[in-house]
Each structure stands twice: as C-alpha cells, then as structure tokens.
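Worksheet: the structure to be examined is printed underneath.
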Amino acid sequence: MFHARLGVWRRLARCGAGAAAESRRFVSVAAHRSCSSHPSFGLLFDIDGVLVRGRTPIPAAKTCFQKLVDGAGRFRVPVVFVTNAGNCLRQAKAEELSHLLDVEVSADQVMLSHSPLRMFTQYHEKCVLVSGQGAVTEVARNLGFQKVVTIERLREAYPLLDVVDHHRRPRDQVEPAKDFPAIEAVILFGEPIRWETNLQLIVDLLLTHGRPGDPVTSLPYPHIPVLACNMDLMWMAEAKNPRFGHGTFLVCLEHIYQKVTGRELKYEALIGKPSLVTYNYAELLVRQQAEARGWTEPVVRLYAIGDNPMADIYGANLYNRYLQGALEAQLKGARLAEAQGAPPEAAGGPEALGRCLAECCVSVLVCTGVYGGGGGGGQRDLPQDPRQSVTERVFHGHRDFRFDPSLVEPALVARDVDEAVELVFGQEGWPLA
C-alpha cells in the first residue's frame, strides 16, 4: 500500500517544477487519457471580459455554456465562476449569470473576491469598517462579521473629516460623536463611489488607531489590520478600453499613506486573484461539486480561463507553482519515510495534510477582455506570438506580488471562451457534446 501511494505522489510531483511552461507540457500529454465515466478535471471561469462585457454577454459564452450542460441542464464537469467582483452576494451573482448565460448557476458555483473572508474568523467579532459600494453591510454579515461600520456611518459620526466636496461640509456647529466604537480593522471589498471620502477616512483610521475623532499625537505602527479584496488595476466593461479597478484605489491608498507617514501600508490579507488562498478555495468548491454529484474520480487538474494576464494568468500560474512545490515536498517526505520504514502519513502526504491538492492548474488566456479586448465586439484575431506581447507589458499586478515574466505567460491561448473550452476538452479527451 505504501509503495502504491508513493507512486501516486511521484506521479503528482512529475507535473513539473515551473508554471506556464510546465502546465503546457502537462496538458500536451493529457489528451485521450480520460477513461473514467466521471471527469477528473474542473473549470474556473473569470467573468468580466470572458463571459460578459459589463451587463452584455459575449456571444461565445452562451454558445459555450449550452455545450457545457447536458439535456437536464446539469454541468458535464465541475464549474466554478471565480471573479474579483465583490460588491454583491453570491446568490445575486448566480442569478445574474443564470439570466445572462441561459443556464442554471447556483450560489455554490460562484466565488467572489471576498468569499475566503469566511475563513478569517479572528476578525468576525471585531468592529470593522467596510469600504465599497452596494450592499456591503449585508455582504460583510453574510461572511460572518458581526460588528460592521460603513463609510457613510463613519462620515455621519465625524462630518468634519470629509471636506473635499465643499457642498458636503457641515454649515452648522457639529457636536463631537459620543460612544462611537473604535474601529479594529478595515475591510476593502471593492472600488467605492467617492474615492476622496474613502481615502481620507481610511487614512484617518490608520493614523489614529481606529479613533478618527482623536488628534494624531504619534504614529501607531503597525496600524490597525487592513484586509483587501480584488487587486485588479483595471477591468473590462462595455468601453473599448479597460476601466479603473479596485487595484487602482489600493495604489492611491498605499501612496497617500506612505507620503503622509513615510511608512509602508501593510495588509493583513490580500484576497482575490491572483492570491493563492483564492485558488485553493476555488479548488475546494470544485471538489465539493464533484462529491455532490457522486463522482468518484478525483479532480486532479484545474483549468483557469481568464482575460487578464496580470490577475487570471498570474494567479493560475502562481497556484500551479505552489502545487508543484507542495507535491515535491510530499515526495521528498515520502522518500524519507520509505527509507526509515515509517507509515505514509508521516510523510506529510494528502492524508496528513487534510486539504485539497490538484496535480496542476493550467492557465488559459482568452482575447475578449483586458488582453486583446479593444474594439467592436471585444475580440481580435489571435496574435502570432501572444505570449511575447503579454510578457513585454508593464506589470499591472499589485505591489506585494513580485513580477515574474513566466507567471504572466499563459499555458494555452484562445480567441474566446468557446474556443478555450473546446481546447480543454480536446486536451482531456472528453466529449463536449
């Protein structure tokens, strides 16, 4: 039994030691090896720029999803929608996708940028400020946060703090706020509407250790925890060129704080693509779908389809690299355990880890969004050398993510999501229709 498990670990570790290049090598040998009655792979779909442009579906998306469901409307393979959007509830996004794609999408198939915050239970009982737009209070409480304060409520308590817009300045004498709770953490869900108000009040909180009505007498550092979701510098809507995303707001916040204090703003957590925790959580949702359908074949390969090289491709390749490192460590541990005659659990294998690990995560770039999304219907002909044009771009990733050209190099490139899914199913040797 031990030697059989060791063989499995060796097979997993052979998935490679790189990111995109190793994913390409893996998928090149994956074709026609699917012999089970159940799929052993799952699909992770970005939404904006892949399936929709703003509120308008990309035509290839509807075509694709009609192939992905059977006659009963059930998905042929596990599917999770992984988006960096975060100003709504999962159920609302699922209903929106169901309407746009003409297929039944459940909330369990939707992963928003903030979804992993359910696991940050150490903050759920703290008084947190939430920044974003839409039903941010409902979103926060749905994630488990019990004491939620909005920017609007903070501004009402301290109206003298928000004075950039002269028309919003109080004209009468204002009494200081009484018994307003100290803010213990800041949760950044997504881009707000009034950037100047949010930037001012959040910086006030960081400078006063969560008590914005107090004068700044000394610089508290480290400041109160900041948890940010959605690092996209830009995203693709109906316009012919990308629009500012929440990552642009974060750039502003980081630079203002550093300019004022001379210190670097620190994040307790950065969530959403391309963070590892996002892909690990998405993999968990894929496995839960397979289990719910009674599929016994383990999901060992993930295909992440996106339009943004600096978020979707970088994140998928980063997770693939993480998988390779984790599996290689398990292999080394297994070899050591084997040499010492120890049981396989001592090697730190999947049984000991008690967590999800796929063989690899394959990045798939489509040309209907941030990459190649200019003009008309948001699609251009495939460039002769798309990988070179991606890696030569200015790095649009977040400050805290190191630029590595190999991480923005896609394993597969397709014109649109329909072609991407056709390519994946062909690689897997799995019937699409």
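The values are calculated or read from the model by the stated rules, or taken from the named source; none is laboratory data. Bear in mind the structure is a predicted one, so any value in this text is a computation, not a measurement. Cβ: placed from backbone, ideal geometry, glycine included. Neighbour counts: every protein chain shown. Side chains included, ligands, DNA and RNA excluded: accessible areas come from the protein's heavy atoms. Shrake-Rupley method; radii C 1.70, N 1.55, O 1.52, S 1.80 Å.
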Give me the distance in nm between label points sitting 7 Å out from Cα along the Cα-to-Cβ direction at Asp404 and Ala135, one decimal.
3.9 nm
Counting only heavy atoms of the protein chains, get the accessible area per residue of the range 240-331 (1.4 Å probe) and round it to a whole Å² value.
37 Å²
What does the net charge come to around Arg293 if you take all other residues with beta carbon closer than 13 Å to its beta carbon, with K and R at +1 and D and E at -1?
-1
Spin-label model distance (nm) - Tyr322 vs Met119, 7 Å beyond Cα toward Cβ
0.7 nm
Using a 1.4 Å probe on the protein heavy atoms, what percent of the accessible area of the range 67-137 belongs to carbon and sulfur?
48 percent
Tell me, in nm to one decimal, what length is gained between Asn241 and Val174 on full extension, where the rule is 0.36 nm per residue of separation less the Cα-Cα distance?
19.7 nm
Summing +1 for each Lys or Arg and -1 for each Asp or Glu, what net charge is found among the other residues whose Cβ lies under 10 Å from the Cβ of Asn198?
-1
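Please work out the FRET efficiency for the pair Ser98 and Glu264, using the Cβ-Cβ distance as r and a Förster radius of 45 Å; give the result to the nearest 0.05. Before the final figure, lay out the partial values.
Numbers: r = 43 Å, r/R0 = 0.95.
FRET efficiency, Ser98 to Glu264: 0.60.
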In the range 131-217, what trypsin sites (Lys or Arg not before Pro) fall in a loop by DSSP, with at most 10 other Cβ atoms inside 10 Å?
Arg171, Lys178
Report the calculated FRET efficiency for Val394 and Thr217 (r = Cβ-Cβ distance, R0 = 41 Å), to the nearest 0.05.
0.50
